[in-house]
Amino acid sequence: LGETPADERARDRADQAGAGAGLEVARHLRQLIELLGETPAPLLKEGGVGVRAVTSLARALTVEEAEIHRLVSLGVAAGLLGRGEPSPLPVGDEGSDYLSPTLAADGWLDSDLATRWVTLLAGWLDSPWAPWLIGTAAEKRQPVRLLGDEMKRPHLAEHRRLVVSRFALAAEGVDVGGEEMRDDLFFTRPVAATLLPEATVAAIVDEARWIGALSRGTATSVLRALLDPEADALAVAQEVTPGTVERVIAQGDMTILAPGPLPRSLQTELDLLGELESAGLASVYRVTEASVRRALDTGRTAEEIRTWLADHTLGEVPQSVTYLIEDVARRHGTLRGGPAMSYLRC
């Protein structure tokens with residue numbers, strides 16, 4: 001695997017794509033942390049997360065339930081989510097275990113993008129959780145629950161490093177095919193490869209692509225640095241991770257373009273004001289009547305929203321956006337009464 005010369009252009013493309021994937025995971029985990037900070041998820045008696053709680057989280061974040069399985073497992077492995085009694089307890093609760101953010105989550109949310117990504121990658125490499133097992137039957141024929149004992153595999157961290165290290169053996173930017181990786185694994189580690197199920201290898205590779213450890217068939221530079229005890233993974237991540245932008249572009253078609261990752265404060269405001277249409281390193285939000293009303297519901301005034309847009313928009317704010325904000329604000333929070341001649345009750 002190491003005999004093919006490095007391809008620097010392919011390496012750069014892989015690093016860019018990997019950073020995009022990793023930051024998208026970080027964005028979803030940020031939303032999950034903020035959601036659980038407001039409303040911790042109740043746990044089952046055995047410590048797992050119930051199906052109803054998973055469904056509720058998936059609906060709130062508008063993602064698939066499988067994504068919640070991965071995000072929760074990653075958050076716990078990275079030390080950003082924990083199980084126990086949150087402080088303060090939810091209203092009406094006298095003491096139960098919940099899934100909620102840890103104290104380390106605040107520091108992670110305030111850190112730069114490179115630090116967030118490296119923290120998640122390091123947590124994933126050492127994670128004992130196998131979220132792909134959820135919904136399958138364990139040895140005792142019990143269904144595997146999120147964070148249940150059945151989905152915890154003590155040797156999974158070792159297996160992760162064994163699999164992804166095969167991709168790092170090849171030169172930078174070189175696409176390592178699945179069969180080639182598997183052949184090398186059987187040649188160099190025959191006993192381990194024999195004991196490692198094919199489904200587990202496929203799941204590890206899939207998760208590695210999801211979090212940006214692997215991209216375009218090769219190990220990203222950040223993963224190579226994490227696997228090298230003498231390398232500075234954070235410094236490498238800072239080189240390949242795009243910097244944040246302080247300005248957005250408001251357009252006449254009621255969309256707002258963020259040409260790059262945003263700082264936390266700007267991201268929070270934009271999440272309130274617009275509906276995400278296209279995610280990625282550059283994202284597109286659409287301003288709608290419902291999204292403006294959502295921002296007003298949090299206590300912001302029309303003047304505050306207009307001022308924020310003016311301060312953070314390149315060029316002038318389109319009149320169509322301003323008119324919509326003023327129109328929704330004029331009707332927001334008002335009551336209208338009138339006679340009811342009849343009604344139906346079901």
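Of all residues in segment 272-286, count the ones that are over 16 Å from THR244 (Cα atoms) and touching a residue at least 12 places away in the same chain (Cβ under 8 Å). First the steps, then the outcome.
If we filter segment 272-286 for residues that are over 16 Å from THR244 (Cα atoms), which is where we start, we get 272-278, 285-286.
Then drop every residue that is not touching a residue at least 12 places away in the same chain (Cβ under 8 Å), which leaves 272-275, 277, 285-286.
Within segment 272-286, residues that are over 16 Å from THR244 (Cα atoms) and touching a residue at least 12 places away in the same chain (Cβ under 8 Å) number 7.
Collect the residues in segment 165-181 that are part of a helix (DSSP H, G or I) and either touching a residue at least 24 places away in the same chain (Cβ under 8 Å) or open to solvent by less than 30 Å² (accessible area, probe 1.4 Å) (or both), keeping them in residue-number order.
Filtering segment 165-181 down to residues part of a helix (DSSP H, G or I) leaves 165-169, 178-181.
Hits for segment 165-181 are SER165, ARG166, PHE167, ALA168, LEU169, GLY178, GLU180, MET181.
Within segment 73-127, take every residue that is hydroxyl-bearing (Ser, Thr, Tyr) and outside any helix (DSSP H, G or I) and give me the one that is most open to solvent (accessible area, probe 1.4 Å). Write out each step before concluding.
Our first condition is that a residue be hydroxyl-bearing (Ser, Thr, Tyr); within segment 73-127, this holds for 73, 87, 96, 98, 100, 102, 111, 115, 119, 127.
Keeping just the survivors that are outside any helix (DSSP H, G or I) gives 87, 96, 98, 100, 102, 111, 127.
Working: SER87: 118, SER96: 48, TYR98: 23, SER100: 15, THR102: 44, SER111: 26, SER127: 5 Å².
If we take residues in segment 73-127 being hydroxyl-bearing (Ser, Thr, Tyr) and outside any helix (DSSP H, G or I), then SER87 is most open to solvent (accessible area, probe 1.4 Å).
Here is a list: ALA208, ALA219. Which entry is within 30 Å of GLY177 (Cβ to Cβ), modelled with pLDDT of 95 or more and crowded, with 21+ Cβ neighbours inside 10 Å? Steps first, please.
Working: ALA219 fails: modelled with pLDDT of 95 or more.
Sole residue among the options that is within 30 Å of GLY177 (Cβ to Cβ), modelled with pLDDT of 95 or more and crowded, with 21+ Cβ neighbours inside 10 Å: ALA208.
Checking LEU162 against (1) more than 30 Å from ASP97 (Cβ to Cβ); (2) open to solvent by 50 Å² or more (accessible area, probe 1.4 Å); (3) not in a loop (DSSP other than H, G, I, E, B), only one condition comes out false. Which one?
(2)
Before we move on, is LEU226 farther than 19 Å from ASP7 by Cβ and open to solvent by 30 Å² or more (accessible area, probe 1.4 Å)?
In short, yes.
Where the second residue is at pLDDT 90 or above and not hydrophobic (A, V, I, L, M, F, W, C) and the first is over 13 Å from ASP271 (Cβ atoms) and lies in segment 287-304, which pairs have Cβ atoms under 6 Å and are six or more apart or on separate chains?
From residues that are over 13 Å from ASP271 (Cβ atoms), the pairs are THR288/GLU275; ALA302/GLU326.
Can you find, within segment 268-281, the residue that is most open to solvent (accessible area, probe 1.4 Å) among those that are more than 14 Å from ALA295 (Cβ to Cβ) and not aliphatic (A, V, I, L, M)?
So, considering only residues that are more than 14 Å from ALA295 (Cβ to Cβ) and not aliphatic (A, V, I, L, M), the one most open to solvent (accessible area, probe 1.4 Å) is GLU277.
Restricting to segment 38-70, name every residue that is of a type in the set (Gly, Ala, Ser) and assigned to a helix (DSSP H, G or I).
Taking segment 38-70 and keeping what is of a type in the set (Gly, Ala, Ser), we get 41, 47-48, 50, 53, 56, 58, 60, 66.
Result: ALA53, SER56, ALA58, ALA60, ALA66.
From the set of residues in segment 237-255 that are part of a helix (DSSP H, G or I), open to solvent by 30 Å² or more (accessible area, probe 1.4 Å) and not acidic (Asp, Glu), which is nearest to ASP112 (Cα to Cα)?
First pass over segment 237-255, keeping only residues part of a helix (DSSP H, G or I): 237-240.
So of that shortlist, the ones also open to solvent by 30 Å² or more (accessible area, probe 1.4 Å) come out as 238-240.
If we keep only those that are not acidic (Asp, Glu) too, we end up with 238, 240.
Values: GLN238: 9, VAL240: 13 Å.
So, considering only residues that are part of a helix (DSSP H, G or I), open to solvent by 30 Å² or more (accessible area, probe 1.4 Å) and not acidic (Asp, Glu), the one nearest to ASP112 (Cα to Cα) is GLN238.
Which residues, taken from segment 132-159, are surrounded by 14 or more Cβ atoms within 10 Å (Cβ to Cβ), hydrophobic (A, V, I, L, M, F, W, C) and either more than 17 Å from ARG52 (Cα to Cα) or at pLDDT 90 or above (or both)?
Listed by number, the residues that qualify are TRP132, LEU133, ILE134, ALA138, LEU146, LEU147, MET151, LEU156, ALA157.
What are the residues in segment 290-337 that are among the charged types (D, E, K, R), under 21 Å from THR255 (Cβ atoms) and surrounded by fewer than 12 Cβ atoms within 10 Å (Cβ to Cβ), if any?
ASP311, GLU316
Determine whether segment 56-63 contains at least one residue that is buried (at least 19 other Cβ atoms within 10 Å of the Cβ) and at pLDDT 95 or above. Please lay out each step first, then the result.
Narrowing segment 56-63 to residues buried (at least 19 other Cβ atoms within 10 Å of the Cβ): 57.
When the remaining residues are screened for being at pLDDT 95 or above, the result is 57.
Within segment 56-63 (the criterion being buried (at least 19 other Cβ atoms within 10 Å of the Cβ) and at pLDDT 95 or above), the answer is yes, since at least one residue qualifies.
The values are calculated or read from the model by the stated rules, or taken from the named source; none is laboratory data. Just so you know, these numbers come straight off a predicted model, no measurement behind them. We place every Cβ from the backbone using ideal geometry, glycine too, and count neighbours over all the protein chains shown. Just so you know, the surface numbers come from the protein's heavy atoms only, side chains and all, with ligands and any DNA or RNA stripped out. Shrake-Rupley method; radii C 1.70, N 1.55, O 1.52, S 1.80 Å.
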